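Here is the structure we will look at.
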Amino acid sequence: MTSDTVRAAPRPTAGTVPDKAPPRRRRLGDLPIAIVFVLPAAIGFAVFYVWPAIRGAYLSLTKYNVLTPPRFIGLENYRQLFGDHLFWNALKVTAEYVVLNIGTQTVISMVLAVLLHRLTRSMVVRGIVLLPYLVANVVVALVWFWMLDFQLGVVNQVIEWLGFDRVAFFGADLGIATIAMINTWRHMGYTALLIFAGLLMIPPSVYEAAAIDGASEWRTFWRVTLPLLRPVMALVMVLSVIGSFQVFDTVAVTTGGGPINATRVIYFYIYDMAFNRFNFGYAAALSSVLFVLLAGIAYLQLRLSRAGESDLKGA
Amino acid sequence: MASIRWGRVAGWAVLVLVMVATLFPFYWMLRTSFSSTRSLAAGAGDLLPVDFTLGAYRRVLGLSSTAEAVAEGGSTGTVDFWLYLRNSIVVATTVTAGQVFFSSMAAYAFARLRWPGREAVFTIFVTALMVPPIFTTLPNFVLIKDLGLLNTYLGIILPHLLMTPFAVFFLRQFFLGINASVEEAARLDGAGHVRTFFRIILPMSKGPISTLAILVYITSWNDYFWPLLVGKAENVRVLTVALGIFRSQTPQGSPDWAGLMAATLFAALPMIVLFALLGRRVIDSIGYTGVK
């Protein structure tokens, strides 16, 4: 979606306008006016992104409970972190969540996108699949919390009616899978529409060529659609994996991390550490580790998927 | 030919299944919100509201007395979702207006102006997309606290008012796609950059800008984590935070399900109405392919 937009955009080149500006002006270009345009955003960026990032890195090296000034303790938080089984548990639970969520979401969205592309241009259909994305995580979580309730939930009514035992969806065994499915439900339509947008960018001529060659729908999908979709998919995947690691709302309003620690995802653990146990320094250290981890994952994903390259040119 | 037809039938079957799975929870929210909490146990599988009543709405909108609320399985704590609705509107509207405007200015500078360091600064902006919000959220909480802005609108709004890396990135993509000749024509007419931006670039980008505005509004409306940290007080409490608190009040052992569903529907409704009004634009926007 994005990389191709850039590619397609006619960039202003030196050749389009004869550049008669004096050398000094050419070096500075539009700098003065650019500063005016960028300034408000740059202030917001400096105060609410850069400064807190620096401060966060520093706080991770301190013992800090918000009420008294932070006390520098070096790498003590990080040392403690490696022996903290709750931290490792939170990572494990989060990883389970991400795998389940991204796995189901990607497959369902891809199928949905291809179906939308091949079957209909109906705005109503697209609107319906997008609907869950428009309501808050909290709303979605509560509705499913109610529908999956052990005693009164409609899903368990149906399960019992079919002759099976009631399922403890928010119990220790299934809790994290349930939360993953709830968020898959919320995001599948949105992700499908992103992929759908990518599908629309594939020139119809490519499909016509495939049809002339007598390729089946199935073969066309694997040999034409999927490779051409790769840049879009790479972007979608990177963004959804990063988003997925940050699951919090759904956990916070349903299980609250329980039972015991079965759904205590990393974000919730950090929140708990900072705002219930007032251990801000340690929470900052946890966020730093999460940051490094996510950066590593994003980098790997981009490398593996060669996201910056498009196959469209060669097609 | 026949096989293709069957393929289409199967495809439609899957599509319909997805749509039903998507819509059913919304129906169930509606159905439960018109039920009486006390009767839900007896009619847990009924497709229609159990003991139809508007009691749940009266409870969450602060219209029923405590005695009434308790009698219907509600909580003794008072809630007023009208107030939370107002707070959500104030927060989401301010954030959207500020963020979209200031981000579009920055995006213009990154896309259409030529200045030394442009790529470097833009790269730094975009790198922030990769930073998990929690890394900056904790220190931002400390900052807002130090500024004495806890439990104020300003405290909730400020961090997202001037920019988000996404907004800048998003608009830059579209500004890049605008044909340079349009700008050159304006330049030949003697228009400066400010004039070009307000008179040509912004009007030309109405589509992507309203798209972004819608996305920002939705994100802000649905945000839970940040307002939970800085805006728990009733006078600035937004809908999502209010829902979380309402959910944790468990009257008489079991949640007030009808009240909870009435509240969730009330919180979701503005987004659904917005979608109904702007639906086409929202959907198109997600598939927006930029200027040809």
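Can you tell me which condition A:Ala210 does not meet? The list is (1) surrounded by 15 or more Cβ atoms within 10 Å (Cβ to Cβ); (2) closer than 23 Å to A:His187 by Cα, and all the others hold.
Condition not satisfied by A:Ala210: (2).
Could you run through region B:102-120 and say how many residues are part of a helix (DSSP H, G or I) and either among the hydroxyl-bearing types (Ser, Thr, Tyr) or facing chain A (nearest Cβ under 7 Å) (or both)?
Result for region B:102-120: 7.
Go through B:Tyr84, B:Tyr108, B:Tyr153 for me and flag whichever is in contact (Cβ under 8 Å) with a residue 40 or more places away in the chain and surrounded by fewer than 21 Cβ atoms within 10 Å (Cβ to Cβ).
B:Tyr153
Mind checking which helices (runs of 4 or more DSSP H) fall wholly inside region A:1-91 and carry at least 3 residues that are of a type outside the set (Phe, Trp, Tyr) and at pLDDT below 70?
A:2-8, A:23-28
This table checks each residue for (1) surrounded by fewer than 18 Cβ atoms within 10 Å (Cβ to Cβ); (2) away from every other protein chain (no Cβ under 12 Å); (3) more than 28 Å from B:Tyr84 (Cα to Cα); (4) without any contact (Cβ under 8 Å) to a residue 40 or more places away in the chain.
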residue: B:Ala10; (1), (2), (3), (4): yes, no, yes, yes
residue: B:Phe24; (1), (2), (3), (4): yes, no, no, yes
residue: B:Leu30; (1), (2), (3), (4): yes, no, no, no
residue: B:Ser33; (1), (2), (3), (4): no, no, no, no
residue: B:Ala42; (1), (2), (3), (4): yes, no, yes, yes
residue: B:Gly45; (1), (2), (3), (4): yes, no, yes, yes
residue: B:Leu48; (1), (2), (3), (4): yes, yes, yes, yes
residue: B:Arg58; (1), (2), (3), (4): no, yes, no, yes
residue: B:Gly62; (1), (2), (3), (4): yes, yes, no, yes
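Suppose we filter A:Thr254, A:Thr250, A:Thr263 for residues that are buried (at least 18 other Cβ atoms within 10 Å of the Cβ), away from chain B (no Cβ under 13 Å) and under 13 Å from A:Ile176 (Cα atoms); which single one remains?
Going through A:Thr254, A:Thr250, A:Thr263 in turn, the sole match is A:Thr263.
Mind checking which residues of region B:55-81 are modelled with pLDDT of 85 or more and out of contact with any Gly (no Cβ under 7 Å at 6 or more places or on another chain)?
B:Tyr57, B:Arg58, B:Leu61, B:Phe81
In region B:149-159, which residues are more than 8 Å from chain A (Cβ to nearest Cβ) and assigned to a helix (DSSP H, G or I)?
So the first thing to find is which residues in region B:149-159 are more than 8 Å from chain A (Cβ to nearest Cβ), and the list is B:149-157.
Passing the criteria: B:Tyr153, B:Leu154, B:Gly155, B:Ile156, B:Ile157.
Could you run through region A:145-177 and say how many residues are part of a helix (DSSP H, G or I), out of contact with any Pro (no Cβ under 9 Å at 6 or more places or on another chain) and more than 14 Å from chain B (Cβ to nearest Cβ)?
2
Can you name the residue in region A:108-144 that is more than 19 Å from the chain's Cα centre (by Cα), of a type outside the set (A, V, I, L, M, F, W, C) and closer than 22 Å to A:Met237 by Cα and is also nearest to the other protein chains (Cβ to nearest Cβ) among such residues?
A:Arg126
The values are calculated or read from the model by the stated rules, or taken from the named source; none is laboratory data. Computed from a prediction, not measured in an experiment: that's the story for all the values here. Methodologically, a virtual Cβ is constructed for each residue, glycine included, from the backbone with ideal geometry; neighbour enumeration extends over all protein chains shown.
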